[in-house]
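Written below as structure tokens is the structure these notes are about.
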Amino acid sequence: MRAIAGLLLCLYGAAVQAQADTAQAVEQAGQDAAASVNVKGIRDPDWKPYSAMLKGVKRFEEKHALAPGAELRFILEPRRADVDMHAIALRLESDEAGMAIPLGERNVFTLPVEQGPLYEKAELTVNRKAGSVRWIPYVRSTATSDTLRRLGDLRLACEVHWAIDKETLPFAMRTAMSAMGGPCNFVSQKGTYSFSEPRRIATATINFNGKSAPVPFSGSSFTPPLREQDWSDDSVLELTFEND
């Protein structure tokens, strides 16, 4: 089992990119197989199952102690540089009902919950082609910013993301990943979970109570020490960006 798990992990990738979605390939296959619909003229729009997103909400509530001062929101980000993120329209749709979900600055939104039986099989759709956007948990405590990130916030965002996307993985891969602790707490050093930024990173460090250490980064992605319990949830990651 250990050898199979290692092979599956290698196939899955050495790094689980937060902004690349845990199940990007499987998610895309599901989108391609879905029935064609139209959202303001967009055929086969990008979408997420509402039920999967609610699993992320539940995980947030279970693990809220990681970031007690944060609320759960989500952000829509482009998968490619050529995706136009202006005038994005987000809707919650089922066969029986539908509603528009307001988007804030940078396309951040709060997921409506407890919508009742009319939305049990609903989908979240955006007016962009399938595979164009990423649906990312946005967990920010007060006093954090784009350059200062709290480790507990990042840990909780990872937990929410894994809860949403793991059901789209094949059973064998999902079982192997879970046996290894999941991407937020891999027992193997081969597995990491990275976060992406809209700008290229120049430096990344983590600090707590006078202790400081560099954080691995490459391009616009950084890999915080999520599983290393030597670092408190209140540790702060400081990022600087090129051409800032």
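The values are calculated or read from the model by the stated rules, or taken from the named source; none is laboratory data. All values reported here derive from a predicted model rather than from experimental measurement. Counting neighbours? That spans all protein chains shown, and the Cβs are built from the backbone with ideal geometry, glycine included. Heavy atoms of the whole protein, side chains included, go into the accessibility calculation; ligands, DNA and RNA do not. Shrake-Rupley method; radii C 1.70, N 1.55, O 1.52, S 1.80 Å.
Restricting to region 102-123, name every residue that is outside any loop (DSSP other than H, G, I, E, B), over 15 Å from residue 77 (Cα atoms) and out of contact with any Ser or Thr (no Cβ under 9 Å at 6 or more places or on another chain).
Result: 117, single match.
Given the conditions (1) touching an Asp or Glu at 6+ places or on another chain (Cβ under 7 Å); (2) farther than 18 Å from residue 46 by Cα, which single one is not true for residue 125?
(2)
Please specify each residue of region 66-104 satisfying the condition of being over 18 Å from the mean Cα position of the chain (by Cα), open to solvent by 90 Å² or more (accessible area, probe 1.4 Å) and either small (Gly, Ala, Ser) or closer than 20 Å to residue 132 by Cα (or both).
Residues satisfying the conditions are 81, 82, 86, 102.
Under 7 Å by Cβ, and 6 or more places apart or on different chains, what pairs join a residue from region 158-172 that is farther than 15 Å from residue 184 by Cβ with one that is at pLDDT 85 or above?
Final answer for the pair search is 167/52.
Residues in region 125-170 that are closer than 23 Å to residue 67 by Cβ and either touching a strand residue (DSSP E or B) at 6+ places or on another chain (Cβ under 9 Å) or part of a helix (DSSP H, G or I) (or both): how many?
31
Scanning for something part of a helix (DSSP H, G or I), in contact (Cβ under 8 Å) with a residue 60 or more places away in the chain, touching an Asp or Glu at 6+ places or on another chain (Cβ under 9 Å) and within 19 Å of residue 119 (Cα to Cα), does region 61-80 turn up at least one residue?
The answer is no; no qualifying residue exists.
Among the residues of region 154-178, what is the count of those that are out of contact with any Gly (no Cβ under 9 Å at 6 or more places or on another chain), surrounded by 15 or more Cβ atoms within 10 Å (Cβ to Cβ) and over 29 Å from residue 84 (Cβ atoms)?
Here the count works out to 6.
Tally up the residues in region 184-215 that are at pLDDT 90 or above and either aromatic (Phe, Trp, Tyr) or open to solvent by less than 60 Å² (accessible area, probe 1.4 Å) (or both), please.
14
Just give me the residues in region 221-232 being open to solvent by less than 40 Å² (accessible area, probe 1.4 Å) and of a type outside the set (A, V, I, L, M, F, W, C), in sequence order.
221, 223, 224, 225, 232
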